[in-house]
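What follows is one structure encoded as structure tokens, with my remarks underneath.
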Amino acid sequence: MAPELISSRANPRFKYWKKQIVDGRGREIFLVSGRKYVKEAVRHRPELVELVLCCDGEESDSGHLNQYEQISLSKGLFRTMDIFGTKDPLLICRTPEIPRWQDQAKAEGVFLAIPFQSPLNTGAAIRAAIGLGIDGIVFLKGSASPWHAKTVRSSAGAVLLASLFTSTDFELGLPIVSLDSKGQKLKDFDFPKSFVLFPGIEGTGLPPELKGEARVAIPMKNIESYNAATAVSMALYEWNRR
């Protein structure tokens, strides 16, 4: 049976997808694009996949996608949804509920707090954190959504592998290690067994509430600061190395 074809921008389903994903005005669904990331999403989080969007005349015959509903879009509509220009089938996934950090039992381990407003920084930091073996990621109030299309893309799909939490405040119940140019040198810092790494907010740095917490300085010459995701990668690499 041929997939349903949608060719009108007035189609209710297309309008919903565009509003949620392209316009960034919704949190009910998210997009996974790119052949590699689509395969990983189906492998790691198949329960989240709702349907597959294909370009008319280029319907997917991939075995790993056959189990899902497929919708064909006219070339113009597909280009609208294919925001990264992959030209490959797109996954529309249901956004999972993220548990509140405060509702969890007292945690032990190493966690990353995400205060970033940029989806690109958020995704890159997630990718580094998962690669270096942290136990979970806490999204703070005002941060970019982990399910924003740019977050998913810049994380290279790593967000699908992460244990995610949300928190509306900085009371996380674990020692907080903040990245601050005026802190103790990274090479001399003794990381606690369990802690939350707080990299600071783009532009404004650390909030006043964290000024009294442990602070760590990453080596720097000739520049005033690192990109947020780069700073996270360097700090977590040193922690992992030890």
Here are some residues: ASN240, ASN222. Which one is more than 19 Å from the chain's Cα centre (by Cα), loosely packed, with under 15 Cβ neighbours inside 10 Å and either modelled with pLDDT under 85 or part of a loop (DSSP other than H, G, I, E, B) (or both)?
ASN222
Selection from segment 15-38 of residues that are hydrophobic (A, V, I, L, M, F, W, C) and either more than 17 Å from the chain's Cα centre (by Cα) or open to solvent by less than 20 Å² (accessible area, probe 1.4 Å) (or both)
TRP17, ILE21, ILE29, PHE30, LEU31, VAL32, VAL38
In segment 96-120, which residue that is small (Gly, Ala, Ser) and within 23 Å of the chain's Cα centre (by Cα) is surrounded by the most Cβ atoms within 10 Å (Cβ to Cβ)?
ALA113
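Return a yes/no flag: does segment 204-214 have any residue that is at pLDDT 85 or above and open to solvent by less than 80 Å² (accessible area, probe 1.4 Å).
yes
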Here the residues within segment 140-182 that are modelled with pLDDT of 90 or more, open to solvent by 40 Å² or more (accessible area, probe 1.4 Å), outside any loop (DSSP other than H, G, I, E, B) and hydroxyl-bearing (Ser, Thr, Tyr) are THR166
Could you count how many residues in segment 82-95 are surrounded by fewer than 20 Cβ atoms within 10 Å (Cβ to Cβ) and not in a loop (DSSP other than H, G, I, E, B)?
1
Here are GLU40, GLU4: which of them is of a type in the set (Asp, Glu), farther than 21 Å from PRO96 by Cα and modelled with pLDDT under 95?
GLU4
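Residue under question is VAL52, and the condition is that it be under 23 Å from LEU161 (Cβ atoms) and assigned to a helix (DSSP H, G or I); does it hold?
Taking the combined requirement at face value, the residue does not satisfy it.
Taking segment 68-77, which residues are open to solvent by 10 Å² or more (accessible area, probe 1.4 Å) and either among the charged types (D, E, K, R) or in a helix (DSSP H, G or I) (or both)?
GLU69, LYS75, GLY76
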Considering each of ALA124, ALA156 in turn, give the residue that is small (Gly, Ala, Ser), in contact with a helix residue (DSSP H, G or I) (Cβ under 6 Å, 6 or more places away or on another chain) and either without any contact (Cβ under 8 Å) to a residue 12 or more places away in the chain or more than 30 Å from ASN222 (Cα to Cα) (or both).
ALA156
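The values are calculated or read from the model by the stated rules, or taken from the named source; none is laboratory data. Since this is a predicted model, take the numbers as computed values, not measurements. Virtual Cβ from ideal backbone geometry, glycine too; neighbours counted across all protein chains shown. For the accessible areas, the whole protein counts, side chains as well, though only heavy atoms, and no ligand, DNA or RNA atoms are used. Shrake-Rupley method; radii C 1.70, N 1.55, O 1.52, S 1.80 Å.
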